[in-house]
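Undergrad: Starting off with a structure, shown below.
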Amino acid sequence: MAFFVVVIGILAAQLWSMQIIQGAEFSERAAANRLREATTIAPRGRILDRHGAELIGNRTTMVVLAPAQAIEDDELVERLSTHLMVAETDVRERIGSVKDAPLDMRVVAIDVPMDTISYIAENQALFPDIEVAARAVRTYPQGAIAAQLLGYAGIISETDFEDEIFTDYHSGDIVGKSGVEYSFETVLQGVRGRQLIEVDAHGRPQRVVEDIPPQAGQDVVLTLDTGIQRATEDILQRSVEAGRDSGENTIAAAAVVIEIQTGEIIALASNPTFDPEQFVGGISSTDWEALNDEESHFPLINRAISAAYPPASTFKAFVGLGGIEYSIAETSTVHHCAGAWNRMGQWDVKNCWNRLGHGMMDMRDAVAHSCNVYFYNIGYDFDVMTDEALQAYLREWGYGQLTGIDVPGEVAGRIPTADWKAAWSLHNPGFSGTWVLGDTVNLSIGQGDVLTTPLQVATTYAGIANHGHVMRPHVLRSVLDARGVEVLTTPTEVAFEPSVSPESLAWMNEYLRDVVTDGTARPAFRGFPIPVSGKTGTAEMPPKDDSAWFVGYAPAEDPIYCVAVFVEQGGAGGVTASPAARAIIGAIFGADTSYRLGTDRSR
Amino acid sequence: MTSMKIINYDIRRNVNFPLLAVVALLLALGTTVIFSATSAMPGASGFMLRHVVGIVLGLVLMVGFWIFDYRHFTDAIIPLWILNVFLIISPRIPGIGSTGGGSERWLAIGTTNIMQPSEPAKLVTILLLAAIVARYEGEIYELRDFLKVLVLSLIPPALMMIFISDLGTALVFVAISLGILWVGGARLRYVAVLLAIGITFAFGFVYIESQYAKENDGDGHILKEYQLNRLMVFVDPTVDPRGAGYNLSQAKISIGSGEFSGKGLGSGTQSNLNFLPERHTDFIFAVLGEEAGFLGAVTLLGLYLALLVVALSICASSVDLYGSLIAAGIMSMWVFQIFENVGMNMGLMPITGIPLPFMSYGSSFLVTNLAAVGVLLSIWRQRTYQSPIKGVDDDGSQLAEPSTPALQRTQSTRTAEKGRHSRRSSSRPRT
């Protein structure tokens, strides 16, 4: 009897120990046994244009993923190639992609048909470590448009994790890599859904225990106008082709259309461009190399904000305004242009682009006909009479500084000073580090070491048109929540408030109008119904061909939009840039959008 | 009216109601848990049908054994030997035997498995050994006698190992032998030495087998790889994480996660999602532990304790030594199987294919246990026969037998209850 009590007692004691004392622990193990957590990537917010047209959306697709070491398994590669109907070399290339972090699963194929997915999932022995997954990928309903501005999204990489905005992200997340996709990442990214799935001993799902649906990212409404953007891109392409046709080594172009009073970017284009569809599911090494190849002229670069060029004659408006502001010149100040300028001595004669000379010029004539000599004189006086006041004044407009546009990759450009030159020469032995009079003179016509972005040129001219208020350019109009209600709008902000009198602005407005009606841009705008004010420019970047500028705003009397066009190695401003600007303005106002290569070789 | 009273009285005297009650509760609990464990399996209704057939067949056999006077078995030692050997080796006899996977050994007609003969062999062994030991009338003092009985009692487990290599069942036979020898008057010293030798032999055997297995691709001379793994897992649960180690850890998770009140019948995630292997047979206790929790599992242990105590009282009340020895054998069989099975479910004992009485699914097993209950009832029934109260005798019953003297009954009782004391003092009264 006692023996039985002891036997049963031992068992009961063990039972007590397991169920009562360690019960909670075993319960956890039971839960871990049967419950699998699966997270579902939340669809990214869509990106819409100012009218609500979808620029970037989402679609779900089935993808096949492979680990990097799969490349060593020749049979597996061959099998993947056969079943996914992807060339073996492509399979190898995708698995071996150096763009992905070593431990990341590589996308071998996207848009894989369901029967292939099932086959792979059911034959794990044939496809060791190969995973299939549903992925929401980006879709581009408008095609490749504003590619550099909008940017692309991709699977988060190891280097991305170093970026503090990705601190709380999971590996496998789709994140913005560049452009708008990157800058509004925090609102575009949704919250991952979480599913607790009960599985049996074979890992087969039985039921969903808990299902927290993913929270889609918020939609972003941009200030872009799809129609104008598309027209702008087409026109840039035509201007590049036209530049080449005219015998120049034209390689690239950029344009910015900005709403003067708000700083809203209506269009922002950079040519050459790329198709963001290439990045869906991970870009192949070949495509990636092609996009980064010298021959391709780097289509990933957004030349409107990330590249800086000498502003050339477009600078003359600000140099003129600075001269007035610093009492170095007046609008009535007259200088004589003989085609050459020897104020710096016989050994340092500088020429006007018009070797024949413009003759007697006041500021109106000098701006309208873009007379270099007139502005050499102002620059000379600035250098002699002030301590880098010209540079200070140009910075007041925002040159040499970031405009603060809400997309990544903006560069500040450069307003050269004596300090800059001294520092620069340290890194460039063989070049003089001493600031000389000629440097200021060069600066006064926007040549030499000065660099500006097309965006800066656009915002500053918009500033002239906007009574001297340089608005902060931005592409974000608003953020929408799931119900489509605006939850965030971008405030209209003044970025720079240069010192300029209303009178001188009025004069300058008039002169810029004269550029188009009577001056260097006249041939390009002949017969154009929209009154435009603006300025041409021809940047000299030897040994390259000259690059063309046109910046202007319309309608002249009550300006709404400012357009800046830059054609890299497009020759003289009047030849490639002005016709492009004319066509863009035509597109904006629903007028003539034809592109006619200019013949005016003036600057 | 008088005759009715006689019948009522008779039934009360002849039937051990506590035993029936405990067995009924065990059957109810077992059926419930088997239903829960098999409900999610393919062919669930087939399991339940076979189980119910087993209960009915078992009850018929139980009544049969109750009515039959167990004492007749003492006259049938030779037929019992023949039957026993046949049952043990029958799975190896071409034509009627079938050896499926694992330790499943069947008696089959054609391709249909009829029963697992090792189960009834346990009961036959009890009846046989008890009859042999009973001849010594509680005196196995001489070493020669002890060895003789020992050799005879080791024949069934030895045959089991040689022909069937079913270690678990062989151990049940050994447990039965030990119980019968103990109560049958063998010197405690002999039993202790035997136990020590047995344990040493078992460890030595397993050690030699595992060494041999290491050099020979897993299988030992006699033990199969899976059997060795089960034993090794007991020592080191990480040995075979996909096989026996998996079974053990899943069983422990099942039981532990039942906590106090369980997850509810049919709601055990471990059992119903197939994490728990052999959940309706060897690991049925884990299902109970998971679904009915500590409350349910302790209820079962309580029922087992009640079963053993009732069996002990029957053992003590037996009219003769043979009845006591049979009861002792049955108790040994049960207590060993209960401890081994429940113990292995909780990681206290090595994993062997020993089922849990009245709980594990298996008709042969169930029928055998119910037959054993019938034998206990028979022992109980025979005890009263010669002492009807108020001189009323049972008339016309086929059970009528020469009455056993009251004195002998008392002595038998003492033999069973105070056997150890009596043996030590060597002053036990003789018949």
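The values are calculated or read from the model by the stated rules, or taken from the named source; none is laboratory data. Fair warning: this is a prediction, and the values are worked out from it, not measured in the lab. Neighbour counts are summed over all protein chains in view; Cβ atoms, including those assigned to glycine, are modelled from backbone coordinates with ideal geometry.
Undergrad: Based on this model, can you work out whether B:E340 counts as among the acidic types (D, E) and at the interface with another protein chain (Cβ under 9 Å from one of its Cβ atoms)?
TA: On the way: among the acidic types (D, E): yes; at the interface with another protein chain (Cβ under 9 Å from one of its Cβ atoms): no.
So B:E340 fails the test.
Undergrad: Would you call B:G245 modelled with pLDDT of 75 or more, surrounded by 17 or more Cβ atoms within 10 Å (Cβ to Cβ) and within 21 Å of A:V199 (Cα to Cα)?
TA: On the way: modelled with pLDDT of 75 or more: no; surrounded by 17 or more Cβ atoms within 10 Å (Cβ to Cβ): yes; within 21 Å of A:V199 (Cα to Cα): yes.
So B:G245 fails the test.
Undergrad: Across the range B:343-365, what is the number of residues that are more than 13 Å from chain A (Cβ to nearest Cβ), over 23 Å from B:L20 (Cβ atoms) and surrounded by fewer than 23 Cβ atoms within 10 Å (Cβ to Cβ)?
TA: Result for the range B:343-365: 3.
Undergrad: Hey, among A:A317, A:A418, which residue is buried (at least 19 other Cβ atoms within 10 Å of the Cβ) and either among the small types (G, A, S) or more than 27 Å from A:R513 (Cβ to Cβ) (or both)? If you could, list the steps in order and put the result at the bottom.
TA: On the way: A:A418 fails: buried (at least 19 other Cβ atoms within 10 Å of the Cβ).
Every option except A:A317 fails the conditions.
Undergrad: Out of the residues in the range A:8-23 that are small (G, A, S) and more than 7 Å from chain B (Cβ to nearest Cβ), state the one that is farthest from B:L356 (Cα to Cα). Give the derivation first.
TA: Taking the range A:8-23 as the starting set, the residues that turn out to be small (G, A, S) are A:9, A:12-13, A:17, A:23.
Still in the list and also more than 7 Å from chain B (Cβ to nearest Cβ): A:9, A:13, A:17.
Values: A:G9: 17, A:A13: 18, A:S17: 21 Å.
That would be A:S17.
Undergrad: Please enumerate the residues belonging to the range A:29-71 that are outside any strand (DSSP E or B), more than 30 Å from the chain's Cα centre (by Cα) and either within 14 Å of chain B (Cβ to nearest Cβ) or under 23 Å from A:I265 (Cα atoms) (or both). Before you say what the answer is, go through the steps one by one.
TA: Initial filter on the range A:29-71 (outside any strand (DSSP E or B)): A:29-34, A:41-46, A:49-53, A:67-71.
Add one more test, that the residue is more than 30 Å from the chain's Cα centre (by Cα), and what stays is A:29-34, A:67-71.
Selection gives A:R29, A:A30, A:A31, A:A32, A:N33, A:R34.
Undergrad: Is it the case that the range A:47-69 has a residue that's more than 19 Å from B:F294 (Cα to Cα) and among the basic types (K, R)? Outline the logic, then answer.
TA: Start the filter on the range A:47-69 by keeping residues that are more than 19 Å from B:F294 (Cα to Cα), which leaves A:47-69.
Subset that is among the basic types (K, R): A:50, A:59.
Scanning the range A:47-69 turns up at least one residue that is more than 19 Å from B:F294 (Cα to Cα) and among the basic types (K, R).
Undergrad: Only one of A:V457, A:V500, A:V487 is assigned to a strand (DSSP E or B) and in contact (Cβ under 8 Å) with a residue 12 or more places away in the chain. Can you tell me which? It would help to see each step written out before you state the result.
TA: On the way: A:V457 fails: assigned to a strand (DSSP E or B); A:V500 fails: assigned to a strand (DSSP E or B).
Going through A:V457, A:V500, A:V487 in turn, just one is assigned to a strand (DSSP E or B) and in contact (Cβ under 8 Å) with a residue 12 or more places away in the chain: A:V487.
Undergrad: Report, by residue number, each residue of the range A:500-537 that is of a type in the set (S, T, Y), surrounded by 13 or more Cβ atoms within 10 Å (Cβ to Cβ) and out of contact with any strand residue (DSSP E or B) (no Cβ under 7 Å at 6 or more places or on another chain).
TA: Just the residues of the range A:500-537 that are of a type in the set (S, T, Y), to begin with: A:501, A:504, A:511, A:517, A:520, A:533, A:536.
Applying the additional criterion that residues be surrounded by 13 or more Cβ atoms within 10 Å (Cβ to Cβ) yields A:504, A:511, A:517, A:520, A:533, A:536.
Listed by number, the residues that qualify are A:S504, A:Y511, A:T517.
Undergrad: Still on this structure, I have one more. Answer yes or no as to whether B:S317 is in contact with a Lys or Arg (Cβ under 6 Å, 6 or more places away or on another chain), surrounded by fewer than 24 Cβ atoms within 10 Å (Cβ to Cβ), hydroxyl-bearing (S, T, Y) and over 22 Å from B:E340 (Cα atoms). Walk me through how you get there before you give the answer.
TA: Working: in contact with a Lys or Arg (Cβ under 6 Å, 6 or more places away or on another chain): yes; surrounded by fewer than 24 Cβ atoms within 10 Å (Cβ to Cβ): yes; hydroxyl-bearing (S, T, Y): yes; over 22 Å from B:E340 (Cα atoms): yes.
Taking the combined requirement at face value, the residue satisfies it.
Undergrad: Oh, and also: So which helices (runs of 4 or more DSSP H) are wholly in the range A:72-166 and hold at least 1 residues that are closer than 30 Å to A:L222 by Cβ and not acidic (D, E)? Full working, then the answer.
TA: Working: elements: A:74-84, A:88-95, A:114-122, A:147-150.
The qualifying helices (runs of 4 or more DSSP H) are A:147-150.
Undergrad: Evaluate the range A:567-587: report whether one residue or more is in a strand (DSSP E or B), in contact (Cβ under 8 Å) with a residue 40 or more places away in the chain and surrounded by 24 or more Cβ atoms within 10 Å (Cβ to Cβ). Step through it out loud before you land on a result.
TA: Initially, the range A:567-587 is screened for residues in a strand (DSSP E or B), giving A:567-568.
Subsequent filtering for residues that are in contact (Cβ under 8 Å) with a residue 40 or more places away in the chain retains A:567-568.
Next cut, surrounded by 24 or more Cβ atoms within 10 Å (Cβ to Cβ) only: A:567-568.
Checking the range A:567-587: at least one residue is in a strand (DSSP E or B), in contact (Cβ under 8 Å) with a residue 40 or more places away in the chain and surrounded by 24 or more Cβ atoms within 10 Å (Cβ to Cβ).
Undergrad: From A:W397, A:W424, A:W420, which residue is farther than 28 Å from A:G534 by Cβ and in contact with a Pro (Cβ under 9 Å, 6 or more places away or on another chain)? Spell out how you get there, then give the answer.
TA: On the way: A:W397 fails: farther than 28 Å from A:G534 by Cβ; A:W420 fails: in contact with a Pro (Cβ under 9 Å, 6 or more places away or on another chain).
Going through A:W397, A:W424, A:W420 in turn, the sole match is A:W424.
Undergrad: Could you tell me how many of the residues in the range A:216-230 are hydrophobic (A, V, I, L, M, F, W, C) and farther than 19 Å from A:G176 by Cα?
TA: Number of matching residues: 1.
Undergrad: Related question: Name every residue in the range A:182-212 that is touching a residue at least 40 places away in the same chain (Cβ under 8 Å) and away from chain B (no Cβ under 14 Å), in order of residue number.
TA: The answer is A:Y182, A:S183, A:F184, A:V187, A:L188, A:Q189, A:G190, A:V191, A:R192, A:G193, A:R194, A:Q195.
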